[in-house]
Each structure stands twice: as structure tokens, then as C-alpha cells.
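Some notes on the structure that comes next.
The values are calculated or read from the model by the stated rules, or taken from the named source; none is laboratory data. Just so you know, these numbers come straight off a predicted model, no measurement behind them. Cβ coordinates were reconstructed from backbone atoms using ideal geometry, including for glycine residues, and neighbour counts include every protein chain displayed.
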């Protein structure tokens, strides 16, 4: 009886190659097929760049993940790309797919796994956790995230303003991912009440591009996709 194909979905951290776990690198090195996500066809993604840093001679196969809210369009495109790769996928014993941050939080790996199961129904999925952006952002700012019985809430900036406002009102510490997607951030934060500490970290962990903004300045729209806003009561 042949063993099912293994699909390794690994978090590579927020972007700094030194923050990749040893487990993720070992899986990448041991895999016989490596897929990498791209949001634009001819532009390397961050996960791809990290792998190239550690494995400059490895064969990496890009898979396009369109930046769209149309889930039908996204899933069809991913599925069609995997269908084109079907012969290689069926020959592979172990397929590696990296994602930025943690493999279990806002992970494109979920979309790939769903499409992969349409080709190999019994694919054996394994997950390698990575360092999340909010943890790195807090470390960069030298501020502990949550202590004792404090409630920490993680919010995507793509959520509705009403949901975000409700979460802000009922949490002690809040980490907002993709704050640039939320145009009324300052208004929502002001409506939620007072916070003792507010900061935004752009490109957390990247020594060349990292930037920390504090207080009211942190609520400005930086236009940065790789950004996290953290608020504490």
C-alpha cells in the first residue's frame, strides 16, 4: 500500500529570514516539490524570497493567489494551476508550501489544501507553526502583549467597522492586521474609548524597513500591507 502524498504547510514568520524555524527549513530541504505563493504573476512573494535566501538553488514553483474578495474566482484559479501541475504533484511524496507568519492564522495554505484535495483526496496535510506578526511587532516595540487575565484579540482590518468596534470595546489588548484596509481606523479607535498605549509596526523584524509609530501617529494610514497596530487599555 502506497503512502499518501504529504503536504507540508509551514509558517516562515513575518519576513525576516532569521525568524524561520528549524523545523520549517528541514521540511523545505527534505521535500521533493516546493510550491510558493504569489499575489502577482511576475513578482516574487515574501515567502518565496525567504526560501531563496536559505535555498538559493532550489526549484520553486509559483502558484498565483489573486488579491480578490471573489472566492469563486480565487479557488478556480488555484485549482486550474494545480491541475496543470498534476503529473508532478502525483509523483511527489512530499510537497512543501510556505506562508508568511503562522501557518494557522489567516493562512493562504487553507486555500491550497482545499484545492489540493480536489486532485489528491487523501493528501496528508501537516502544519509547521511560524512566528506571528503581532508577536514580532510587540518584541520590536519592547512591549509585552498580554499578562495575567488580560484578553488579547486579533482583528483583520478587512472586517466590518462594526465588528472591529465591538472587539475593541471588549478587549484589553488588540492586534489589528492589515490596518491599511481600514480607512476609518482613528474614528473607530476613538469611539471604542481610551487606550494607554497605541503603536503601529510596519515591516516588523525587517532591519532595513522596520518602522514604529506611537500614539496618534500610529492611527495614520501608512499604506503598508505588512503592518500591525497594537492597542492596550
I'm checking my understanding of the structure. Among residues of the stretch 206-233 that are touching a helix residue (DSSP H, G or I) at 6+ places or on another chain (Cβ under 8 Å) and part of a strand (DSSP E or B), which one is surrounded by the fewest Cβ atoms within 10 Å (Cβ to Cβ)? 212
The strands (runs of 3 or more DSSP E) lying entirely within the stretch 90-161 that contain at least 1 residues which are farther than 20 Å from residue 33 by Cα are 152-156
Is there a residue in the stretch 168-176 that is assigned to a helix (DSSP H, G or I), free of Cβ contacts under 8 Å to residues at least 24 places away in the same chain, in the same structural domain as residue 195 (by TED's automatic domain parsing) and closer than 18 Å to residue 200 by Cβ? no
All but one of (1) surrounded by 14 or more Cβ atoms within 10 Å (Cβ to Cβ); (2) at pLDDT below 95 hold for residue 93; which doesn't? (1)
Report yes if residue 112 is touching a helix residue (DSSP H, G or I) at 6+ places or on another chain (Cβ under 7 Å) and not assigned by TED's automatic domain parsing to the domain that holds residue 59, otherwise no. no
Go through (1) at pLDDT below 95; (2) more than 16 Å from the chain's Cα centre (by Cα); (3) under 23 Å from residue 194 (Cα atoms) one by one and return the number of the condition residue 121 breaks. (3)
Tally the residues that are farther than 12 Å from residue 157 by Cβ and assigned to a strand (DSSP E or B), restricting the search to the stretch 177-205. 5
Scanning the stretch 20-77 residue by residue, those in a helix (DSSP H, G or I), more than 18 Å from the chain's Cα centre (by Cα) and touching a residue at least 60 places away in the same chain (Cβ under 8 Å) turn out to be 27, 30
